[in-house]
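To start, the structure itself, in structure tokens.
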Amino acid sequence: MSNVAMMGALKWNVSVVCAFIFSFSLVVFPASVLSNIHHNTCANVQEEFLRLKIGVRDLVPDKPHHVAHLAVCGKGLKHPGQRLCCANATVEKYHVAANKYLTDSLHSGTAFLKKFLMDKHQQYEERSQLFLDEAQNRTSVLLTHMHNIPWTKHHDAVKDFFLDLEKYITGQNDNLHESVNTFFSKLFPSVFYYTLNDPSFIQMDDKYHDCLSMHAEQIRPFGKVPHELNKKLHHSLKRSRSFVSLLTNIVEAMNTTENINIDKNCVDAVTRLQYCSRCHGHTNVKPCHGFCLNVMRGCLSTLSDISPVWDTLIVSMENLVSDLKGKGNLKNALMSIDKSVFDGILEAMQGGPRIHSKVMEHCAKTTKANTKQQNYDQKIDTTLMMAPTRDLSHLSLEEVIDSVSKRLKDSMGMYNRIADGICRSQTAYEQEMTSSQCWNGTDIGQYITEVPEANFISQAKSNREVKVAVNTLPSLLALKDKLTQLRVNISSMLSRDIMLGDDPIDYKDMTYNSGDHQTIFITDDEDLYGSSGSGSGYSVPSTESPPTPTIYKDKDSTKNKPKSSATIFSPSLLLLTILLFFSLH
């Protein structure tokens, strides 16, 4: 072979070897690493530093250099003289960025669920308010158009009552029993004057009105209806109140876990995970998946201690949800209030003679016969005062409740999964556990350190990346206590109602005779609601002997006057009234 041929063959072999080495280097080393090796520059680190708004470019060296004692990122250096694209000022900025990264990751881990629950909370309250408004309007229409009670005479009582119901649902009112009784006490003067009495016979002034309202407790004109309504509302409104409170407290719990204090040991670990690779010039290399799991599970291990309490609360919520969709249906309870008022007025009409007798007993001194004729046939135009009844059948609270229930059931174990959720980001972390092309904390290579389970005990015992504190943060201890108490309250409420038959009041042996039947009345439930003050409950000491019913007559004013509606009430009128009521519904 000629020398020329031999030289050509040699050149060809050298070219092949060089091409092979170059191709192999592209597989083994990322382009950015080769670029830094060839150019001996930190330009790519400077550009990323500025682009991510971590700090100004001048904080990153122009070329790799030796730092005698590099904080955080100096851990695990292969040899003391290794040159890096970091100074201590660079690492300080990375440290700040790492703290922000972990905080933002915590926020994003719960942000969707929190936003969902806040929206559903608002939706539930808005729909509840629509049903409250409609129930108020129906009650006002009943009193005005069926019982001829002027709107101005009953509006305040009705408005205040439904405002109390709204406040009870949102936790601003604690005594539903007193609210119901106060409503009927305020309503009694107008019912007596316009429904049970001949308006031309008795003059209604403020003094007389106040007397009737004040003695409604002793007169008990509406029979057992106030108690029955209180019982019905108590069951449904109490559950709605618990549901609203549950949503509020769960959102507050997520706010607490999003803003836990992150200690320096944890921030150091996140800095090594996220940013120390930049000191070696690796801006395009992802951290290893196992490395991420160890750092994030270690940093967030204290949150995993919340998980059992969170999960048991969600289980308790399921029993509450079942009641909310069944017997505790809020919409059904509110839409039946006007029916209860109707029943109460019928009860009063049936007991007309007894009620007249009791009114004269308590308020005779404030009663004044009219000295001049008044025209009571004039009606107040209420068409502009009340909105027409609306069809709300398309609105469903059950839809809101079901969606919340499903989403919260899906969240069980959430605080054990937050760390894994962060590491599941394919754009931020290598997903292959055995990959050798990822940042393992000291170099590009496989992460071979053990990865313990996500629970608090395993992390505290075996995590080699983060020193897990044994003591739980005070804020999280307080949160655990709060969630535990919330679960206990829900369970106690449901079990108590089962034992008491959903009756919020303890029965006493208190009766009165009304016609041929006996009716049981009740006292304030102070053990459930707390002290209720004087109140206006329909109760009377058991030693009281009701007077024999008599019809009050005034010899000077009954001539040529129509009899009181209470004295001329007949079964046919009762039947007509009932038929008229149901025809309007």
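The values are calculated or read from the model by the stated rules, or taken from the named source; none is laboratory data. Just so we're clear, the structure is a prediction, and the values are computed from it rather than from any experiment. Here the Cβ positions follow ideal geometry from the backbone for every residue, glycine too, while neighbour counts run over all protein chains shown. Each accessible area value is taken on the protein alone, full model and side chains, heavy atoms only, with ligands, DNA and RNA left out. Shrake-Rupley method; radii C 1.70, N 1.55, O 1.52, S 1.80 Å.
Structure data summary
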| quantity | calculated |
| --- | --- |
| Surrounding net charge for Leu229, when Lys and Arg each add one and Asp and Glu each subtract one, Cβ distance under 10 Å | +2 |
| Three-way shape label, segment 416-468, alpha-carbon gyration tensor, a/c 1.5 | oblate |
| Solvent-accessible area per residue for segment 202-247 (1.4 angstrom probe, square angstrom) | 31 |
| Across Lys115/Lys264; Lys231/Lys331; Lys115/Lys409; Lys120/Lys327; Lys231/Lys406; Lys264/Lys467, pairs whose alpha-carbon gap is larger than 18 Å | Lys115/Lys264; Lys120/Lys327; Lys231/Lys406 |
| Interchain or long-range residues, amide H under 5 Å from Leu84's placed H | His65, His66, Val67 |
| Candidate residues Arg83, Arg278, Arg138: accessible-area rank, largest first, probe 1.4 Å | Arg83, Arg138, Arg278 |
| Accessible area of His95 in the full protein assembly, 1.4 Å probe (Å², nearest 10) | 50 |
| Alpha-carbon Rg/Rh ratio, for segment 55-206, with Rh computed the Kirkwood way | 1.57 |
| Rounded accessible area of His209 (nearest 10 Å², 1.4 Å probe) | 60 |
| Computed accessible area, Lys232, all protein chains, 1.4 angstrom probe, square angstrom | 90 |
